[in-house]
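Any read-out appearing in this document is the output of simple, stated calculations on the displayed coordinates, not a laboratory observation. Keep in mind the model is a prediction, meaning the values are calculated, not measured. Quick reminder, even Gly has a Cβ in these numbers, built from the backbone with ideal geometry, and neighbours come from all protein chains shown.
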Amino acid sequence: MELPYRFSATELAGNFSLSSNKASTLYQYLHTSSKTYESYKAQGIHILTPFDNDYPSRLSQIYDPPWVLYAKGNIDFLHTSSSLGVVGTRTPTTYGKEALQYLLPSSINKGSAIVSGMAKGTDTLAHKLAIKEQGRTIAVLGSGFHHIYPRENEGLFNHMAVNHLLLTEYPPYIPPRKWQFPMRNRIISGLSDVIFVSEAGERSGSLITAYQGLEQGKEVRTLPGSVFSSMSKGTNKLIKEGAAPVVLPEDLLQ
């Protein structure tokens with residue numbers, strides 16, 4: 001955490017190709033946040049910037065990496081050799097739930113960290129499966145740590161804060177806002193080597209993650225579904241557009 005504070009606004013602009021306004025904003029943020037750094041540290045919150053060795057190299061390679069990451073838990077998970085992003089609808093069908101239970105354990109047991117967003121439904125199931133299989137999982141949040149969302153996941157949040165990893169680009173005091181979740185999705189895809197979309201409606205936020213992943217050069221794979229299921233319209237569309245269908249556990253392995 002020492003290095004960023006050594007740069008002047010002019011040096012930040014020159015070294016990182018920032019406009020003078022952006023460099024000034026970053027400079028002011030870094031120097032005002034230093035007052036709260038010790039408070040965050042006491043709460044078990046790690047603060048990571050691209051200047052830190054612990055900043056994930058996968059995010060350094062995307063177009064719009066977060067300038068600051070807040071983490072709770074085991075930050076070694078940011079450097080796993082294999083990671084699988086799992087996203088999908090907040091209202092999975094019985095078919096979707098059973099497919100996750102069938103498809104994911106093989107990847108988890110072979111060492112892939114499961115990356116998701118701790119939303120209701122698919123995200124929550126993916127995190128819990130990783131925990132059940134004694135694997136590793138990372139939750140990327142769309143709010144700060146002082147605002148657990150959804151509230152029903154408080155137990156999962158507390159468990160992962162100690163035994164796995166919670167990650168967000170928002171300071172602890174920032175509440176969830178609708179526009180923050182699409183921004184969050186680029187971090188999920190950025191941290192993932194492969195992105196798996198289990199079920200998604202035509203306008204599902206999971207499709208945002210998939211398309212962001214494609215822009216980042218990631219592989220997108222998806223679960224084919226019934227043509228009569230509204231929860232498979234988005235995933236079947238992805239297959240039509242070139243995403244690889246997943247019908248066996250080994251289809252998810254890298």
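For the Cα atoms of the chain, what angle does the longest principal axis make with the long axis of helix 154-163, in degrees from 0 to 90, nearest 10?
70 degrees
What does the highest-first list of 65-78, 84-97, 16-29 look like by mean Cβ count within 10 Å?
84-97, 65-78, 16-29
Which value results when the Cα radius of gyration for the range 1-134 is divided by 2.2 N^0.38 Å?
Compactness ratio reported: 1.33.
Treating only the Cβ of Lys, Arg, Asp and Glu as charged (+1, +1, -1, -1), what charge dipole size does the range 1-160 show about its Cα centre? Round to the nearest 20 debye.
Here the range 1-160 has a charge dipole of around 300 debye.
Using the per-residue mean of other Cβ atoms lying within 10 Å as a proxy for protection, in what order, highest first, do the peptides 126-135, 6-15 fall?
In descending order of packing, they fall as 126-135, 6-15.
Just going by the charge dipole of the chain, with Lys and Arg at +1 and Asp and Glu at -1 on Cβ, which of 161, 50, 253 is farthest out on the positive end?
After comparing all options, I get 161.
So what is the relative contact order of the range 1-149, in percent, for Cα pairs below 8 Å that sit 6 or more residues apart?
16 percent
As an exercise, find the ratio Rg/Rh for the range 8-61 from alpha-carbon atoms, using the Kirkwood inverse-distance average for Rh.
So for the range 8-61, dividing Rg by the Kirkwood Rh gives 1.03.
Specify whether the C-alpha gyration tensor of the range 39-85 places it in the rounded, prolate or oblate class, a ≥ b ≥ c being the square roots of the eigenvalues: rounded for a/c under 1.5, otherwise prolate if a/b is larger than b/c and oblate if not.
oblate
For residue 243, enumerate residues with amide H under 5 Å from its amide H, sequence gap 5+ or separate chain, H modeled in the peptide plane.
Counting only residues 5 or more places away or on other chains, the set is empty.
At 222 nm, what helix-only mean residue ellipticity would the chain give, in deg cm²/dmol to the nearest 500, using -39500 (n - 2.57) for each DSSP H run of four or more?
-12500 deg cm²/dmol
Using the structure shown, select from 22/233; 72/237; 178/233; 218/240; 110/178; 72/233 the pairs with a Cα to Cα distance greater than 29 angstrom.
The answer is 22/233; 72/237; 110/178; 72/233.
If the elastic network links every pair of Cα atoms under 10 Å, which of 43, 61, 101 fluctuates the most in the Gaussian network model of the chain?
43
Below 8 Å between Cα atoms, with a sequence gap of 6+, how large is the relative contact order for the chain in percent?
Answer for the chain is 18 percent.
Considering only the other residues whose Cβ falls under 13 Å of the Cβ of residue 27, what net charge follows from Lys and Arg at +1 and Asp and Glu at -1?
In short, +1.
Full extension from residue 29 to residue 76: what is 0.36 nm times the residue separation minus their Cα-Cα distance, to one decimal in nm?
That works out to 14.3 nm of additional length.
Could you pull the Cα extents of the chain along its three principal axes, largest to smallest, in whole Å?
57, 35, 32
Could you give the semi-axes, largest first, of the ellipsoid that matches the range 49-123, computed as the square roots of 5 times the alpha carbon gyration tensor eigenvalues and rounded to whole Å?
27, 15, 10
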